[in-house]
Amino acid sequence: MIEDFRIKKVVLITGASRGLGRALALRFGEAGCRVAANYFRSKDAALAVVSEIVDNGGEAIPLCADVKSSAEVNSMIDAIYERWGSIDVLINNAAITRDHLLPKIKIGDWEETIATNLTGAFNTIRAAAKFMVKKGGGHIVNISSWSGVKGKSGQASYAASKAGLIGLTKSAALELGRFHIKVNAILPGFIKTDMSGSLPEFLQDQIISSNILGSAQDIDEVAEFVYHLSWMDHISGQVFNLDSRVV
Ligand code: NAP
């Protein structure tokens, strides 16, 4: 069902094939936005997300690009602009984990994690911001993590990438505010996805029980928050924690 047709916003979601990215794509698609659904390896899953949006009367396209590659990101963003003439919302959601205790982290895993989770967002922000500046506004939402604020044993590379993403969020907000481009980050809380499913069960239980409400986060609640944040005109440079752990 299409709602809220003030304008057909063009939304790029990285890593929209699975997990939170998928939920975000469906939420923005349902609202009548034009959804550019980026994926890297999961082509069939991305095509299924796009079909679901289109079958419900929305507009969406699948776009394969490795966010680690600035060349692939630039081509993807140019393709979106050529098709729809705008990029209004960018959601940096794509991420990986390569969890090990510090002595066991291989340099390749460290580099791949930083390149995907942090350099990936840097690549998309640089490419999309130029079109947002041209249009005179936009909203960028970076999906960070509790690990980036508090750290987590066994997650040094992931936590470092997500902490870096918060620094990137704040700096980009300061630079881009004068162009009416809002840049915010969220910490989604523990949501059941392929990524969180790779954590040992005892750690999943530990995270859930550290929430004062005693529950995991609901993926659709996170998508709902990001959708509404993308409409906000006076909020930038902020980090929103979406669970019930007290920061
Ligand atoms: P997920 O299920 O593992 O999905 C990750 C997504 O990232 C996939 O769509 C994957 O695409 C994409 N991706 C990975 N490498 C990529 C690359 N090089 N280029 C483009 N896309 C790439 O993860 P999730 O749990 O939904 O996490 C979504 C976001 O929430 C991440 O930023 C994560 O750090 C954050 N987060 C999650 C939790 C949680 O509890 N799940 C908690 C805090 C923060 P392909 O499959 O197509 O390669």
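The values are calculated or read from the model by the stated rules, or taken from the named source; none is laboratory data. Source: prediction; values computed, not measured. Note that each Cβ is placed from the backbone with ideal geometry, even for glycine, and that neighbours are counted across all protein chains shown. Areas reflect the complete protein model, heavy atoms only, side chains present, ligands, DNA and RNA absent. Shrake-Rupley method; radii C 1.70, N 1.55, O 1.52, S 1.80 Å.
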By residue number, the members of segment 236-247 that are in a loop (DSSP other than H, G, I, E, B) and under 13 Å from Lys182 (Cα atoms) are Ser236, Gly237, Gln238
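Given the condition open to solvent by less than 60 Å² (accessible area, probe 1.4 Å) and within 25 Å of Lys8 (Cβ to Cβ), answer yes or no: does some residue in segment 97-119 qualify?
No; the residues of segment 97-119 include none that is open to solvent by less than 60 Å² (accessible area, probe 1.4 Å) and within 25 Å of Lys8 (Cβ to Cβ).
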Condition test on Ser147, is it closer than 21 Å to Asp218 by Cβ and surrounded by 18 or more Cβ atoms within 10 Å (Cβ to Cβ)? yes
Checking Val54, Val11, Val49 in turn, the sole residue that is closer than 17 Å to Lys130 by Cα and touching a strand residue (DSSP E or B) at 6+ places or on another chain (Cβ under 7 Å) turns out to be Val11
Residues in segment 212-235 that are under 24 Å from Glu175 (Cα atoms) and either open to solvent by 40 Å² or more (accessible area, probe 1.4 Å) or in a loop (DSSP other than H, G, I, E, B) (or both) total 7
The correct count of residues that are out of contact with any Phe, Trp or Tyr (no Cβ under 8 Å at 6 or more places or on another chain) and either open to solvent by 60 Å² or more (accessible area, probe 1.4 Å) or free of Cβ contacts under 8 Å to residues at least 60 places away in the same chain (or both) in segment 177-189 is 6
Item to complete: Using the structure shown, decide if Arg18 is open to solvent by less than 30 Å² (accessible area, probe 1.4 Å), modelled with pLDDT of 95 or more and closer than 22 Å to Ala223 by Cα.
Response: no
When you scan segment 40-53, do you find a residue that is open to solvent by 10 Å² or more (accessible area, probe 1.4 Å), away from the ligand (no atom under 12 Å from the Cβ), at pLDDT 95 or above and among the basic types (Lys, Arg), even just one? no
By residue number, the members of segment 16-34 that are more than 16 Å from the ligand (Cβ to nearest atom) and closer than 14 Å to Trp231 by Cβ are Ala31, Gly32, Cys33
Of (1) in contact with a strand residue (DSSP E or B) (Cβ under 6 Å, 6 or more places away or on another chain); (2) over 24 Å from Val222 (Cβ atoms); (3) within 12 Å of the ligand (Cβ to nearest atom), Ala115 fails just (1)
Taking segment 150-176 and the residues there that are charged (D, E, K, R) and open to solvent by 10 Å² or more (accessible area, probe 1.4 Å), the one that is farthest from the ligand (Cβ to nearest atom) would be Glu175
Would you say Gly167 is farther than 17 Å from Asp66 by Cβ and of a type outside the set (Val, Ile, Thr)?
-> yes
Heads up, the helices (runs of 4 or more DSSP H) in segment 1-88 (entirely inside) with at least 3 residues that are acidic (Asp, Glu) are 43-55, 70-84
Residues of segment 236-247 being farther than 17 Å from Leu165 by Cβ and open to solvent by 50 Å² or more (accessible area, probe 1.4 Å), in sequence order, are Val246
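If we keep just the residues of segment 70-102 that are under 20 Å from Val133 (Cβ atoms) and among the charged types (D, E, K, R), which is nearest to the ligand (Cβ to nearest atom)?
Asp78
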Checked against (1) under 15 Å from Ala16 (Cβ atoms); (2) part of a helix (DSSP H, G or I), Ala94 satisfies every condition except (2)
